[in-house]
Structure formats: structure tokens, C-alpha cells
Amino acid sequence: MESAVLNAIGLGNVDIGYLLIGFAAVIVLLLILIIVQAVNISNLKKKYLKFMKGKNAGNLEEKIMTLLEDNRYLRAATEKSKGDIKDIYKQLTGCYQKVGLVKYDAFNQMGGKLSFSLALLNEKDNGFILNSVHSTEGGYSYIKEIKNGKSVILLGEEEQQALNQAMGIE
């Protein structure tokens, strides 16, 4: 069988059966590719529908904008919190943080350890020692200033113990 079209493209000597088999193979290959792409599209569609479930594009955009605004708010709040924490740390350096307390009997005739030495120090070991002495005649209180963990006035044994306790030496 002669074909003018096949002669025109230079395939006039080729058997038409071979051409039909070749075209059939190409068609089968293309059908396989179409099926694979259809499965891929179906999987993507399932993922898309799951992602968009109950939402339209406007709602999704609104949600994303809300999340971005929340993110901005959280960043600003975090920065404010960092500043507040720095301020608190600055204030804490002047607060009394270290405490030492020693109770004792000032005079052997009294019982119950009613006298005491109380050391209160800040972070830099500045503060005071309050010494309260209780006797049968009355109670007396004395205060001694502490700078950098030392006193200008000589400390008694109980006062030194309270200072050491506050500084964590004992």
C-alpha cells in the first residue's frame, strides 16, 4: 500500500504495520504517563483539601495576617520583658539578699537565747549588722555598718558569725 503522505515525508518504503506498532507503543507510554500524573495530582489535591479544609482563600489570608500580627506582638512583649528583667536586676543589687542570724545568751544568767546578731547584706556585701542584747535590766540594740564585707568597728564573736553566715563563708 502506497501512501502519498508517507512518500512526502520520506517514509514511503516503510511498512505501515511497523508504523502502527510504533504509534501504539507511543500511545501506551503516553497513557502510562497520564495515569502517573493523575495519581500525583490526586495526592496533591488531597493535601490541598486537607490544608484548606473549612476555609476559603480569604479566611486563610486573614489567619496568616493574624498570626503575623501575633508574632509582632510577641516580639514586642519579649523585648519589653527583657528590659523589665534588666531593670529588676539593677534594683536587686541594692536589696538585702544575704541574711545571717546568730542567737545567743548575752549573759550566762539568762536562758532561751534571747539576744541575737542579724546581718543583712546586698549583692555587693554592703549592709549592716543589728545586734540586740537582752538582759534582766532591759534590751539594747546596736547597729554596725558593713561595706564590702567588712566593718570599721570591731565585731563581736556572734556578729562575726552572723556576717560569715550571710556571706556564705561558714
Top-ranked residue in segment 121-138 [being in contact with a Ser or Thr (Cβ under 8 Å, 6 or more places away or on another chain) and free of Cβ contacts under 8 Å to residues at least 24 places away in the same chain; ranked as farthest from GLN97 (Cα to Cα)]: SER132
Residue list for segment 107-147, restricted to those being farther than 26 Å from ILE169 by Cβ and buried (at least 17 other Cβ atoms within 10 Å of the Cβ): HIS134
Test: residue in segment 114-122 that is assigned to a strand (DSSP E or B), touching an Asp or Glu at 6+ places or on another chain (Cβ under 6 Å) and polar (S, T, N, Q): yes
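Specify which of the listed residues (SER115, SER151, SER141, SER135) is closer than 21 Å to CYS95 by Cβ and of a type in the set (Ser, Thr, Tyr).
Values: SER115 fails: closer than 21 Å to CYS95 by Cβ; SER141 fails: closer than 21 Å to CYS95 by Cβ; SER135 fails: closer than 21 Å to CYS95 by Cβ.
Of SER115, SER151, SER141, SER135, the one residue that is closer than 21 Å to CYS95 by Cβ and of a type in the set (Ser, Thr, Tyr) is SER151.
Rundown of residues vs (1) at pLDDT below 95; (2) of a type in the set (Val, Ile, Thr); (3) on the phi > 0 side of the Ramachandran plot, yes/no style:
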| site | (1), (2), (3) |
| --- | --- |
| LEU92 | yes, no, no |
| GLN97 | yes, no, no |
| ALA119 | no, no, no |
| ASN122 | yes, no, no |
| ASP125 | yes, no, yes |
| THR136 | yes, yes, no |
| ILE143 | no, yes, no |
| GLY149 | yes, no, yes |
| GLU158 | yes, no, no |
LYS53 of a type in the set (D, E, K, R), farther than 30 Å from LEU121 by Cα and outside any helix (DSSP H, G or I): yes
Matching residues, segment 115-124, being touching a strand residue (DSSP E or B) at 6+ places or on another chain (Cβ under 7 Å) and either among the hydroxyl-bearing types (Ser, Thr, Tyr) or farther than 17 Å from GLU157 by Cβ (or both): SER115, SER117, LEU120, LEU121
The lone exception for ILE129 - which of (1) touching an Asp or Glu at 6+ places or on another chain (Cβ under 8 Å); (2) over 13 Å from ILE146 (Cα atoms) it fails: (2)
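Quick check on my filter: what residues within segment 148-170 are in contact (Cβ under 8 Å) with a residue 24 or more places away in the chain and either exposed (fewer than 13 other Cβ atoms within 10 Å of the Cβ) or assigned to a helix (DSSP H, G or I) (or both)? First the steps, then the outcome.
Kept after step one, since they are in contact (Cβ under 8 Å) with a residue 24 or more places away in the chain, are these residues of segment 148-170: 148-149, 155-156, 158-159, 161-168.
Matches in segment 148-170: ASN148, GLU158, GLU159, GLN161, ALA162, LEU163, ASN164, GLN165, ALA166, MET167, GLY168.
The values are calculated or read from the model by the stated rules, or taken from the named source; none is laboratory data. Predicted model, so just to flag it, every value in this text is computed and none were measured. Glycine also receives a Cβ, built like all others from the backbone with ideal geometry; neighbour counts cover every protein chain displayed.
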